[in-house]
Amino acid sequence: MATGIVLPALSAGMETGTIARWLKAEGDAVAAGEALAEVETDKATLEIEAPSAGRLGRIVVPAGQSVPVGQTIAVLLAEGEAAPAGAVPPPRPAAESPPAAVAAAAPAPAAAVPAGAAPRHRASPLARRLAAQAGLDLAGLSGSGPRGRIVRIDIERARAAAAAAVPAAETVPAAAPPVSAPSGRLPPLPGAYETLPHSSMRRTIARRLSEAKATIPHFYLDAEADMEALLVLRTRCNEGRAPGERLSINDFVLKAAAVALRRVPDMRVIWTADALLRPAAVDICVAVAVDGGLVTPVVRDADTKSLGALSAEVKALSQKARDGRLKPADYEGGCFSLSNLGMYGVPSFTAIINPPQSGILAVGAVVRRPVVRGEAIVPAPVMHCTLSVDHRAVDGAAGAAWLAAFREGLENPLGLLV
């Protein structure tokens, strides 16, 4: 029987994807689990697998085209079956098909529930929490994740649909006429210019950062750290190391941020409507520039790892990001973010918080400036940092306490080695 293959949600919150290239042509035989196509998401390029053996009968979505999650992208035929004419066949029911993506494995089916017990619907933990907050019944929702799993985007769509269904009489009248949001479209510009179509990554960055800046009440705290002791220690640590294994200033910054997050847990929180969530692990997202955008792979348990281990992990994640080989497990989660533009010579800047986190640290370049030491003014290497904080979750005193602990780690770096 002909089966429609749909674009699955390859990561939490994925809404659309772009078919980067087809690995099989129409008419090619495929084995169960064999890669059919590469899909570009906002974070990386991942593979879609064949749910069963057969033959690729028709490619519905050509390479280079973006489609929403859940849309049929190809038709899979059983051996000896002819391609159907006209309408595209429906996708295989979720209960019959294995996961469609290499990087988004679904959990094993739950055991049968006792008689009289409420059925447990397949959904991610985040989707369950969001559904509970919104008062949504999972039984009435269909999932766009692997094997029909309900993910965050399904909850958001259901909430939007529920809000649109509220009768006009029940809505609260606005105090003033609403102002139309800008469409983002401009009239034709004079002169010659080049049109650069948006990638999935660029569209996602634009959407997420616009939402973050509009909905999160940011406040900012600045600090400067005397880096002389750290630079001396770094030079000693790098003696005898191969060039590819040498510690960077960013490695020390990452370790100091992680230690400060462990010491000041009030900075390690996530805002929700009902309560603050404090992750047990100190997982830090590190911003990495890639072609066409920015990704933030996660360094897990950063406070417990040595500087050498952190350095090797950041190098490996950065290379995977630039090669487009990150998996969802590499970039999902994190309780804090770190963005460093010091290597570009930028002395200072501010960064936009990465939801649902409550803080991001913007790190500038190390520059020589006059500083006061005792009774003397001497030139010293100084680094400027700006902490962006979600004021809903973290107050100024907590943010200042974290920043002080972070600066303490930089100015007394021997403590980072133990």
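The values are calculated or read from the model by the stated rules, or taken from the named source; none is laboratory data. Because the structure is a prediction, the values reported are computed rather than measured. Counting neighbours? That spans all protein chains shown, and the Cβs are built from the backbone with ideal geometry, glycine included. Ligands, DNA and RNA are excluded from the accessible area calculation, which covers all protein heavy atoms including side chains. Shrake-Rupley method; radii C 1.70, N 1.55, O 1.52, S 1.80 Å.
Residues whose amide H lies under 5 Å from that of Gln71, counting only those 5 or more places away or on a different chain, are Leu7; hydrogens are built 1.01 Å from N in the peptide plane. For a paramagnetic label modelled on Arg369 (point 7 Å from Cα along Cα→Cβ), amide N atoms under 18 Å away belong, within segment 194-232, to 220-231.
At 0.36 nm per residue, minus the direct Cα-Cα distance, what do Arg157 and Thr235 gain on full extension? Give it in nm, one decimal, please.
Values: separation 78, 0.36 × 78 = 28.08 nm, distance 5.29 nm.
Using 0.36 nm per residue and subtracting the Cα-Cα distance, I get 22.8 nm.
What's the carbon and sulfur percent of segment 290-398's accessible surface, probe 1.4 angstrom, rounded to a whole number? List each step's numbers first, then the result.
On the way: 2750 of 4770 Å².
Roughly 58 percent, rounded to a whole number.
Mind running the shape call on segment 178-300? Use the C-alpha gyration tensor, a ≥ b ≥ c as the square roots of the eigenvalues: rounded below 1.5 for a/c, prolate if a/b tops b/c, oblate otherwise.
Numbers: a/c = 2.59, a/b = 1.47, b/c = 1.76.
Since a/c reaches 1.5 but b/c is at least a/b, the shape of segment 178-300 is classed as oblate.
Amide H contacts of Ala123: Ile150, each under 5 Å away and 5 or more positions distant or on a separate chain (H built 1.01 Å from N in the peptide plane; Pro and chain starts excluded).
Spacing of the modelled spin labels on Thr304 and Glu224, each 7 Å from Cα toward Cβ, amounts to 3.8 nm.
Could you tell me the calculated FRET efficiency between Val378 and Glu81, based on Cβ-Cβ distance and R0 = 56 angstrom, to the nearest 0.05?
On the way: r = 81 Å, r/R0 = 1.44.
My answer for the efficiency is 0.10.
When a/c is below 1.5 the answer is rounded, else prolate if a/b is larger than b/c, else oblate, so apply that to segment 352-418 with a ≥ b ≥ c taken from the square roots of the Cα gyration tensor eigenvalues. Mind dumping the intermediate values first?
Details: a/c = 2.21, a/b = 1.93, b/c = 1.14.
Judged from the Cα gyration tensor, segment 352-418 comes out prolate (a/c at least 1.5, a/b above b/c).
Between Ala404 and Ala192, the simple spin-label model (points 7 angstrom out along Cα→Cβ) gives 6.0 nm.
For the pair Asp137 and Arg262 in one chain, pulling the backbone fully straight at 0.36 nm per residue adds 41.3 nm over the alpha carbon distance.
The modelled label-to-label distance for the pair Ala329/Arg128, using points 7 Å beyond Cα in the direction of Cβ, is 2.1 nm.
Within the same chain, lysines fewer than 8 places from Lys327 are excluded, and of the rest, those with a Cα less than 17 Å from its Cα are Lys43, Lys315.
Over segment 257-412, average the accessible area per residue using a 1.4 Å probe and give it in Å², no decimals.
That works out to 43 Å² per residue.
Taking 0.36 nm per residue of sequence separation and removing the Cα-Cα distance, the Leu276/Phe349 pair yields an extension gain of 23.5 nm. Comparing Cα centroids, segment 345-418 and segment 268-309 end up 17 angstrom apart. Separation of segment 200-247 from segment 126-159 is 34 Å, based on Cα centroids.
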